[in-house]
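The values are calculated or read from the model by the stated rules, or taken from the named source; none is laboratory data. Bear in mind the structure is a predicted one, so any value in this text is a computation, not a measurement. Here the Cβ is made from the backbone with ideal geometry for all residues, glycine too, and neighbour counts use every protein chain on show. Heavy atoms of the whole protein, side chains included, go into the accessibility calculation; ligands, DNA and RNA do not. Shrake-Rupley method; radii C 1.70, N 1.55, O 1.52, S 1.80 Å.
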Amino acid sequence: MAQPSFSRYLPWLVTAPAALVALPYSIWVSGGFGLLFVLGWMDFKQTKQAVRRNYPLTGRIRYGLEYIRPEIRQYFLEDDEQKLPFSRNQRALVYARSKVQNDKRGFGSIMDMYGPQTEWITHSMQPTQLDPKGFRTTVGAHQCHQPYDLSLLNISGMSFGALSPNAVKALNKGAAQGGFAHDTGEGSISKHHREHGGDLIWQIGSGYFGCRTADGQFDPERFAAQAGSPQVKMIELKLSQGAKPGHGGVLPKAKVSAEIADARNVPMGQDCVSPAKHSAFSTPMGMLRFIGQLRELSGGKPVGIKLCVGHPAEWFSVVKAMVETDQTPDFIVVDGSEGGTGAAPIEFADHVGMPLRDGLRLVHNSLVGAGLRDRIRLGASGKVISAFDIARCLALGADWCNSARGFMFALGCIQSRSCHTDHCPTGVATQDPVRQRAIVVTDKAERVYYFHANTLHALADLVGAAGLQKPGDITPEHLMVRNADGHAGTLASSIDTLATGQLLHQESGTRPLPSPFAEFWHASQSGHWGVPAGVSTLPS
């Protein structure tokens, strides 16, 4: 039988005689050893943590190192290109552009040009010069009385409540200065969004915050009153978000301040709940009717949807409903599963939802195949940081991009990943009044403005180098990708594409529908989300 070992207690037990020996010489040193002995005794007696119970005093070292592990990894261990979730080089790029510092790099690239998934844009021997001031796209021209000319880069949805008041103010002031749009997130429009008058995209989620009845249903009168504001340029109906698609949310009552309650039209003293699905509609056709209602109530402003693609058949049901009713949203924002949020369950953040590139290509292709693409503008969001990120999205079918964490970096975010704790060290993602004072609105608004301006300037250089006349000219043929075997080819050669109207006129098509378009298009129905029970998507 093994003899018990008590050596692990020695560092703790030795503090008692050390305190007695030091007493004649220094009461402070003696008191310090005495305090260590008391801490060790507390460790020995507590029942919550096994390591501290077995290793009094010294066990605390383990928890201390674990506490600072993210900082050690970020500052000392991670590679400059290691994206966890954003690399040091990506963050440094935003910091430099937002501060109008040198964003160039000397001595060449540190990327492995021959590694799998290496990407580059093909340049021309006849480059062009472009003015980024004209980088805009018109949303709602097809059916709106008040269409909106949207910048190619805008602030993605982040709610007041997730962000601090000063962060919201700085973002909106920067947007006003730069002439781009600020998505409110589903937390609705707060007084902080209105203070500086920047253009707003009002996002409406399943909680209908800012336009809800007392029992959480959609309130047309409240909606019309908010949507009528000249500051609100577009309405975005959020079906899901990339970081936690298919999952609702709860803001605990302790965090529902008077300002948050006022912005969301919810009572204080109760949890603020975002259901996992909408109550205003239950079918794709119902959703299109609801979008039409929102457009009418807003006075003819563009109304669209935001989603992270899940079941492809559900998306095809929406497309079929558009075809059958001839009703469409004015825009669609595709959010990738790589998108971020203040708090999401691990399983949802890591394993639910379609990544941006796959989702964007599916949505773009299906709209082309249904003959609807020219009526609907497409936005893309999900880890968009650089001009090349924007160019890639445009090549995949997007008309513009949104960025959330890019603008958070411009505010001073250091990727501490403590958004869910209310202990954000830079005051960006917290409601702590002491912490949020770190955000000086006038200074951070300038950084928001310059990040946007310098990124679009870089995009102009990139598009010009390709010899193109405007960003919308970028196609999959302009991007090269190296596959896992080391072979390089155009992005167009590695993705499936549909011809205009190919879904509608398959009998006259020159090529069969590629998977998964054929299976899900045939099986989906406009009156249901996805494939009805008992219907198979497998080819017969």
| field | Considering residues of the stretch 256-284 that are hydrophobic (A, V, I, L, M, F, W, C) and open to solvent by less than 50 Å² (accessible area, probe 1.4 Å) only, the residue farthest from GLY187 (Cα to Cα) | value | PHE281
| query | Which pairs have Cβ atoms under 6 Å, sit 6 or more apart or on different chains, and link a residue in the stretch 155-174 that is open to solvent by less than 10 Å² (accessible area, probe 1.4 Å) to one that is basic (Lys, Arg) and modelled with pLDDT of 95 or more? | reply | ALA170/LYS444
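Can you list the helices (runs of 4 or more DSSP H) lying wholly within the stretch 18-118 that have 2 or more residues being among the small types (Gly, Ala, Ser) and at negative phi?
27-45, 59-72, 88-98
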| Neighbours by Cβ (under 9 Å, 6+ apart or cross-chain): first from the stretch 474-486, touching a residue at least 40 places away in the same chain (Cβ under 8 Å) and farther than 20 Å from LEU394 by Cβ; second aliphatic (A, V, I, L, M) and open to solvent by 40 Å² or more (accessible area, probe 1.4 Å) | ARG482/MET113; ARG482/ALA488
| Conditions (1) in contact with a helix residue (DSSP H, G or I) (Cβ under 7 Å, 6 or more places away or on another chain); (2) farther than 21 Å from ARG405 by Cβ; (3) among the aromatic types (Phe, Trp, Tyr); number of the one not met by TYR95 | (2)
| remark: Output for Cβ contacts, cut-off 7 Å, separation at least six or different chains, first residue within 19 Å of LEU84 (Cα to Cα) in the stretch 413-430, second among the basic types (Lys, Arg) and part of a helix (DSSP H, G or I), reads GLN415/ARG91; CYS424/ARG435
| Scope the stretch 175-199; condition open to solvent by less than 10 Å² (accessible area, probe 1.4 Å) and either among the basic types (Lys, Arg) or farther than 12 Å from SER159 by Cα (or both); matching residues | ALA175, PHE180, ALA181, GLY198
| If LEU504 satisfies every condition in (1) open to solvent by less than 40 Å² (accessible area, probe 1.4 Å); (2) at pLDDT below 95 but one, which is the exception? | (1)
| message | Quick check on the stretch 313-337: of everything there that is touching a helix residue (DSSP H, G or I) at 6+ places or on another chain (Cβ under 6 Å) and assigned to a loop (DSSP other than H, G, I, E, B), which residue is surrounded by the fewest Cβ atoms within 10 Å (Cβ to Cβ)? | response | GLN327
| query | When you go through ALA460, ALA499, ALA466 one by one, which is the residue that is more than 20 Å from the chain's Cα centre (by Cα) and closer than 20 Å to ALA175 by Cβ? | reply | ALA460
| message | Take the conditions modelled with pLDDT of 90 or more, out of contact with any Cys (no Cβ under 9 Å at 6 or more places or on another chain) and under 28 Å from GLY198 (Cβ atoms) and apply them to VAL481. Does it pass? | response | no
| When you look at GLY310, is it part of a loop (DSSP other than H, G, I, E, B), touching a residue at least 40 places away in the same chain (Cβ under 8 Å) and under 22 Å from the mean Cα position of the chain (by Cα), yes or no? | yes
